[in-house]
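*Asks:* Before we start, here is the structure in question, set down as structure tokens.
The values are calculated or read from the model by the stated rules, or taken from the named source; none is laboratory data. From a predicted model like this one, the values you see are computed outputs, not experimental measurements. Positions of Cβ are backbone-derived with ideal geometry, glycine not excepted, and every protein chain shown enters the neighbour counts.
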Amino acid sequence: MIRIELQIELNYEIDGNGADFVFNVHAAHTPSQAISAESLTLSQAIPQRMNTAAITGNRNLYVRAQPGDLKLLYAATVDLNHYFADPAQVAEIAIQNLPPDVIGYIYPSRYCQSDRLIKLANNEFGRLPQGYRRVQAIRDWVNNHVAFTPNSSNSKTSAVDTLVEQVGVCRDFAHLMIALCRALNIPARFTTGTDYGADPSLGPSDFHAYVEVYLGYRWYIFDPSNTGIPMGYVHFGTGRDAADVAFATIFGGVRTHAAVIRALAITDPANALVLPHHCPEALSTDSGTVPAAANDQSGGNGQPMLW
């Protein structure tokens with residue numbers, strides 16, 4: 001088991017009209033991610049409203065802040081108990097067997113224009129044996145074709161933009177991998193967390209974007225940017241793309257300062273606590289559910305009908 005001591009500090013300067021915030025910085029409760037302790041402090045004495053999405057489990061904090069400085073401090077002790085699988089035994093799931101809450105992740109979205117990448121995806125990956133290894137090939141292709149370059153993209157950059165420019169940050173790598181997976185009818189979603197294990201030369205610890213792909217009736221972790229150690233990522237939220245799970249969505253005049261993040265792994269062999277490490281197994285923090293009438297035959301490559 002992995003135990004992460006997490007601390008997040010966010011600082012803002014708010015203009016004279018005040019501002020509304022939707023934060024997604026609380027560690028999610030998942031079948032394999034447990035929060036044994038957590039606290040949240042705001043520097044302003046303002047009402048707080050929490051909501052947990054029924055399907056995704058995303059935990060959002062809503063606040064209306066007053067003019068002046070706003071500091072948010074979040075701390076949590078998070079235990080990660082991953083599911084490990086032999087990659088050779090993890091299959092793709094036929095469209096007719098996808099659960100209702102999964103099938104939406106094969107459609108194009110704002111930043112993941114999979115309908116524009118169908119030909120490319122089929123040329124590059126269509127002849128590969130289906131399953132976890134094919135998704136690994138997509139991950140590796142994105143990592144080899146895009147250079148991690150800080151400050152090289154913005155909030156408008158999409159998967160197609162990243163494909164053309166061949167530079168980006170973690171969210172851009174994630175968007176491109178998701179779009180290529182969806183172009184092959186493989187459900188993929190955008191996931192936010194922390195960048196545990198990232199090279200210090202890339203800068204201070206930060207929020208991180210990676211990919212979860214639905215295979216073998218579980219969501220498996222892939223990081224096309226290859227900047228950290230996925231076993232140490234604390235999961236905050238999932239969505240179709242970055243538009244769904246920003247760590248802070250702001251409505252109003254606000255000056256934002258860089259986030260301060262600390263994620264420390266605790267080792268204690270006596271209690272089976274180990275440090276995060278790279279591993280050859282397929283890695284998931286999902287419990288997995290196999291439908292009663294599942295049929296693992298793969299479907300063809302679909303395209304949306306436009307009218």
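Here's the yes/no breakdown for (1) small (Gly, Ala, Ser); (2) farther than 30 Å from Gln96 by Cβ:
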| site | (1), (2) |
| --- | --- |
| Ala209 | yes, yes |
| Gly228 | yes, yes |
| Ala243 | yes, no |
| Thr249 | no, yes |
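*Asks:* Okay, next question. Would you check which residues across region 138-166 are aliphatic (A, V, I, L, M) and surrounded by fewer than 16 Cβ atoms within 10 Å (Cβ to Cβ) and list them? Spell out how you get there, then give the answer.
*Replies:* Initially, region 138-166 is screened for residues aliphatic (A, V, I, L, M), giving 138, 142, 146-147, 159-160, 163-164.
Answer for region 138-166, where residues must be aliphatic (A, V, I, L, M) and surrounded by fewer than 16 Cβ atoms within 10 Å (Cβ to Cβ): Ala147, Val164.
*Asks:* Give, as residue ranges, the strands (runs of 3 or more DSSP E) completely inside region 181-244 that count at least 2 residues that are closer than 23 Å to Asp86 by Cα. Please lay out each step first, then the result.
*Replies:* Numbers: elements: 188-194, 207-215, 218-222, 237-239.
The qualifying strands (runs of 3 or more DSSP E) are 188-194, 207-215, 218-222.
*Asks:* Further question: Restricted to region 276-293, and to residues that are of a type in the set (A, V, I, L, M) and exposed (fewer than 14 other Cβ atoms within 10 Å of the Cβ), which residue is modelled with the highest pLDDT?
*Replies:* Applying the filter and picking the extreme gives Val290.
*Asks:* Among the listed residues Gln96, Gln113, identify the single one that is under 23 Å from Ala243 (Cα atoms) and among the polar types (S, T, N, Q).
*Replies:* Result of the check over Gln96, Gln113: Gln113.
*Asks:* Can you tell me how many residues within region 163-199 are in contact with a Ser or Thr (Cβ under 7 Å, 6 or more places away or on another chain) and farther than 25 Å from Val78 by Cβ?
*Replies:* Total satisfying the criteria: 8.
*Asks:* Still on this structure, I have one more. Would you confirm whether or not region 253-260 contains a residue that is surrounded by 22 or more Cβ atoms within 10 Å (Cβ to Cβ), assigned to a strand (DSSP E or B) and modelled with pLDDT of 95 or more?
*Replies:* Of all residues in region 253-260, those surrounded by 22 or more Cβ atoms within 10 Å (Cβ to Cβ) come to none.
No, that holds for no residue.
*Asks:* Right, another one. Test Gly193 against the stated conditions and say whether it is free of Cβ contacts under 8 Å to residues at least 60 places away in the same chain, surrounded by 21 or more Cβ atoms within 10 Å (Cβ to Cβ) and among the small types (Gly, Ala, Ser).
*Replies:* Values: free of Cβ contacts under 8 Å to residues at least 60 places away in the same chain: yes; surrounded by 21 or more Cβ atoms within 10 Å (Cβ to Cβ): yes; among the small types (Gly, Ala, Ser): yes.
The answer is yes for Gly193.
*Asks:* Quick one: how many residues across region 20-38 are surrounded by fewer than 19 Cβ atoms within 10 Å (Cβ to Cβ) and among the aliphatic types (A, V, I, L, M)?
*Replies:* 4
*Asks:* Next question. So, of the residues in region 118-137 that are surrounded by 13 or more Cβ atoms within 10 Å (Cβ to Cβ) and without any contact (Cβ under 8 Å) to a residue 60 or more places away in the chain, which turns out to be farthest from Tyr210 (Cα to Cα)?
*Replies:* Leu128
*Asks:* Determine which member of the set Arg49, Arg59 is charged (D, E, K, R) and either on the phi > 0 side of the Ramachandran plot or surrounded by 15 or more Cβ atoms within 10 Å (Cβ to Cβ) (or both).
*Replies:* After ruling out the rest, the residue left standing is Arg59.
*Asks:* Examine region 27-46 for a residue that is over 27 Å from Arg218 (Cα atoms), without any contact (Cβ under 8 Å) to a residue 24 or more places away in the chain and not charged (D, E, K, R), and state whether such a residue exists.
*Replies:* Scanning region 27-46 turns up at least one residue that is over 27 Å from Arg218 (Cα atoms), without any contact (Cβ under 8 Å) to a residue 24 or more places away in the chain and not charged (D, E, K, R).
*Asks:* Right, something else. Given (1) touching a residue at least 60 places away in the same chain (Cβ under 8 Å); (2) more than 29 Å from Ala121 (Cα to Cα), where does Ala243 come up short, assuming only one miss?
*Replies:* Only one criterion in (1) touching a residue at least 60 places away in the same chain (Cβ under 8 Å); (2) more than 29 Å from Ala121 (Cα to Cα) is unmet by Ala243, namely (2).
*Asks:* Does Ser205 satisfy being surrounded by 15 or more Cβ atoms within 10 Å (Cβ to Cβ), under 29 Å from Thr249 (Cβ atoms), modelled with pLDDT under 95 and among the hydroxyl-bearing types (Ser, Thr, Tyr)?
*Replies:* On the way: surrounded by 15 or more Cβ atoms within 10 Å (Cβ to Cβ): yes; under 29 Å from Thr249 (Cβ atoms): yes; modelled with pLDDT under 95: yes; among the hydroxyl-bearing types (Ser, Thr, Tyr): yes.
Criteria met by Ser205.
*Asks:* Keeping to region 88-117, report how many residues are surrounded by fewer than 17 Cβ atoms within 10 Å (Cβ to Cβ) and not aliphatic (A, V, I, L, M).
*Replies:* Residues in region 88-117 being surrounded by fewer than 17 Cβ atoms within 10 Å (Cβ to Cβ) and not aliphatic (A, V, I, L, M): 10 in total.
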